[in-house]
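Presented below is the structure to which this report refers.
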Amino acid sequence: PSEAVSDISKLIGELMAEVELAPSIIGVVEGGPRAGRFLAEADEVVKVVFFGRKEVGSEIARICHDRGIPFILELGGGSTAIVLADADLDRAAAGIAWSGFYYHGRSCVGTDRVYVESAAEAAFLERLVREAQKMWSEGINRAPLDESVTPLVRRALAEGARYIAIPEGAEIGPEGAEIGPEGSAPGIISGVPAGSDILREEIFGPLLAVCTTSSGEEVVRLANAGCPMLGASIWTRNRRRGRRLAKQLDTSMIWINDTSFGLPTLPWGGRGEAGWGSIFSRHALHEAARLKWISRSPAWGRRPWWPPYSALKMRLARILTGFYRW
């Protein structure tokens, strides 16, 4: 587990001890990058499943490649939300606000980017602000965003975006985003231009960047060209259009009129820079297995495809080839 959650690591160990799972079955190794690198390089390890930052995942992939062992990577990327003009805007706003701000906005599949069709912009933003304020009233973290987000926020504001909501107690400095040397204010930014850097990076914090577009089809193009997505949500009453747009999105997990949840029966994982391979569901059983097949034949006689060859054998081969073709 991450070195940043030592309390959880300790709890995992205690729970395993309670159910008498021996260290030979499941073990917890605590530590930072050195511990992770040690595990990936250990001869006893035959497969690696890694959840974390893209930079670390790239190193893990290189180590596994050099050793010739398989691996699964889940590298985050957050989610993109697409709100079409015919959506139930109340439902869309409630779902997106929850996805963007639960767990202090630090969910690997939480919504970072929102694209809304221009015909629904005003009504949707009004509802989104209201739903976000409900989330904040439940005790959202009011601390600044991570330092790495500050340049993205500043550039977005310089390009014409603006804060439309921040939690009570947060502050916006004279430059519009800065509240101190640590970072930027959490909240909602609207009017983000298409192609802005803030749409191309995972925020991993309590901030929603909203971009208004002319059509859902344009959104697909912008979303696929932006930050590699772990997931995406589409909000629409038109099922056929929602499925059509979903097929065009470059991500493995898509919710229509819902967002950011997983089930053990559904595969979970990213593609491209967002990850590789799947966990959960029956498909993950193949990921966790090393397949082998064994063929058993009679202990006597010769197989028909062994020599010597004859005209009769060639004729039979042509007949069988034609049969199996159909």
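The values are calculated or read from the model by the stated rules, or taken from the named source; none is laboratory data. Owing to the predicted nature of the structure, the values given are computational and were not obtained by experimental measurement. Positions of Cβ are backbone-derived with ideal geometry, glycine not excepted, and every protein chain shown enters the neighbour counts. To get the accessible areas, we keep the full protein, side chains included, count just its heavy atoms, and leave off ligands, DNA and RNA. Shrake-Rupley method; radii C 1.70, N 1.55, O 1.52, S 1.80 Å.
Values computed for the structure shown
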item	result
In the stretch 192-202, residue nearest to Ala122 (Cα to Cα) [restricted to those that are in contact with a helix residue (DSSP H, G or I) (Cβ under 6 Å, 6 or more places away or on another chain) and open to solvent by less than 10 Å² (accessible area, probe 1.4 Å)]	Val192
Subset of the stretch 209-224 [open to solvent by less than 10 Å² (accessible area, probe 1.4 Å) and in a helix (DSSP H, G or I)]	Gly216, Val219, Val220, Ala223
Pick from the stretch 15-27, criterion among the β-branched types (Val, Ile, Thr) and within 23 Å of Arg290 (Cα to Cα), ranking: least open to solvent (accessible area, probe 1.4 Å)	Ile26
Some residue of the stretch 125-137 being among the hydrophobic types (A, V, I, L, M, F, W, C) and open to solvent by 40 Å² or more (accessible area, probe 1.4 Å)	yes
Filter result (within 50 Å of the chain's Cα centre (by Cα), hydroxyl-bearing (Ser, Thr, Tyr) and open to solvent by 90 Å² or more (accessible area, probe 1.4 Å)) within the stretch 298-324	Tyr324
Failed item in (1) in a helix (DSSP H, G or I); (2) over 25 Å from Leu125 (Cβ atoms), with Leu245 passing the rest	(2)
Given (1) open to solvent by 20 Å² or more (accessible area, probe 1.4 Å); (2) at pLDDT 85 or above, number of the condition Asp7 does not satisfy	(2)
Flag for Ser107 being of a type in the set (S, T, N, Q) and either at pLDDT 90 or above or surrounded by fewer than 18 Cβ atoms within 10 Å (Cβ to Cβ) (or both)	no
Residue in the stretch 32-58 that is farthest from Gly270 (Cα to Cα), counting only those that are charged (D, E, K, R), open to solvent by less than 100 Å² (accessible area, probe 1.4 Å) and at pLDDT below 90	Arg37
Selection count where residues are out of contact with any Lys or Arg (no Cβ under 9 Å at 6 or more places or on another chain) and either modelled with pLDDT of 90 or more or of a type in the set (D, E, K, R) (or both), scope the stretch 20-31	1
Matching option when the condition is part of a loop (DSSP other than H, G, I, E, B) and in contact with a Phe, Trp or Tyr (Cβ under 8 Å, 6 or more places away or on another chain), among Gly270, Gly301	Gly270
Given (1) open to solvent by 30 Å² or more (accessible area, probe 1.4 Å); (2) hydroxyl-bearing (Ser, Thr, Tyr); (3) in contact (Cβ under 8 Å) with a residue 40 or more places away in the chain, number of the condition Tyr115 does not satisfy	(1)
Those residues of the stretch 225-253 which are more than 10 Å from the chain's Cα centre (by Cα), surrounded by 21 or more Cβ atoms within 10 Å (Cβ to Cβ) and more than 12 Å from Val83 (Cα to Cα), in sequence order	Gly226, Cys227
Any hit, the stretch 141-160, residues being open to solvent by 30 Å² or more (accessible area, probe 1.4 Å), in contact with a helix residue (DSSP H, G or I) (Cβ under 6 Å, 6 or more places away or on another chain), outside any helix (DSSP H, G or I) and under 17 Å from Thr212 (Cα atoms)	no
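Quick grid of which residues meet (1) of a type in the set (A, V, I, L, M); (2) within 27 Å of Asn224 (Cα to Cα); (3) touching a residue at least 12 places away in the same chain (Cβ under 8 Å); (4) open to solvent by less than 80 Å² (accessible area, probe 1.4 Å):
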| position | (1), (2), (3), (4) |
| --- | --- |
| Thr259 | no, yes, yes, yes |
| Gly262 | no, yes, yes, yes |
| Gly270 | no, yes, yes, yes |
| Glu273 | no, yes, yes, no |
| Ser278 | no, yes, yes, yes |
| Ser281 | no, yes, yes, yes |
| Ala289 | yes, no, no, yes |
| Trp293 | no, no, no, no |
| Arg296 | no, no, no, no |
